[in-house]
1. For a protection proxy built on the mean count of beta-carbon atoms within 10 angstrom, sort 93-99, 110-116 highest first, please.
2. Work out how much length residue 45 to residue 229 would gain on full extension: take 0.36 nm times their residue separation and subtract the Cα-Cα distance, in nm to one decimal.
3. Can you give the % of DSSP beta bridges in the chain that are antiparallel, to the nearest 5?
4. Would you mind calculating the gained length between residue 76 and residue 23 on full extension (0.36 nm times residue separation, minus the Cα-Cα distance), in nm to one decimal?
5. What is the angle, in °, between the Cα long axis of helix 209-219 and the longest principal axis of the Cα atoms in the chain? Nearest 10 is fine, range 0 to 90.
6. Report, in degrees rounded to the nearest 10, the 0 to 90 angle that the Cα long axis of helix 180-191 makes with the longest principal axis of the chain.
7. Pairing the Cα long axis of helix 148-161 with the longest principal axis of the chain, what angle in degrees results, from 0 to 90 and rounded to the nearest 10?
Ligand code: SF4
């Protein structure tokens, strides 16, 4: 673990997890002075896997430069009705029940819509087949949580192309949260004036009722319901 996102490790793997830099956990070995030999030793000691799962290739790399390099094709597809809506399904993953919402949501997104993914939550569903719309992959992975900037740039560029605000785009943000970094990204989106974000599987516990009221009134933030209900509400 190099920066954050650690949670209490189970005893079953505590001796195979390491921290370095700012992260530490009681009882977990900390790598200092860039001496990674304990990590290498632990890796060499493991048995490895008995079976190899079938090979699977996942297309990645749709940062804003890559997406905007094909902007005319994407914009045409929206204008001629081939792409109805974009969904940004982004945020953290976590162990709490209810996070299957995001897989269900991605599976239920209609075939004429594109899903942009961002950060760890996508690992639940990015191995599924989503196909393409006239050559444009239906699942475009923008990157990790640190690439949220890229997603914002795509949204801003699309808004520029359609001569409207980001909130008027056929784009909905469905975000999962878990980590303080994700909360910072949410605050950035709010600072940019992005509205109608759906947040789940639960709202951050530190949000007081008064803070939730502000978020609802000013930004129309909504907790996720079920995948069906949310899709119906968004697509009408
Ligand atoms: S998406 Fe969340 S859990 Fe994943 S690396 Fe980023 S902050 Fe950590």
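Nothing in this text is a laboratory measurement; each read-out follows from the coordinates by a stated rule. Everything numeric in this text was worked out from a predicted model, so none of it was measured. All Cβ positions, even for glycine, are placed from backbone atoms using ideal geometry, and neighbour counts span all protein chains on display.
1. Working: 93-99: 13.1, 110-116: 17.6.
Highest to lowest by the protection proxy: 110-116, 93-99.
2. Net length gain for the segment: 61.4 nm.
3. Around 10 percent antiparallel, to the nearest 5.
4. 14.4 nm
5. Around 40 degrees separate the two axes.
6. 20
7. It is inclined by approximately 10 degrees.
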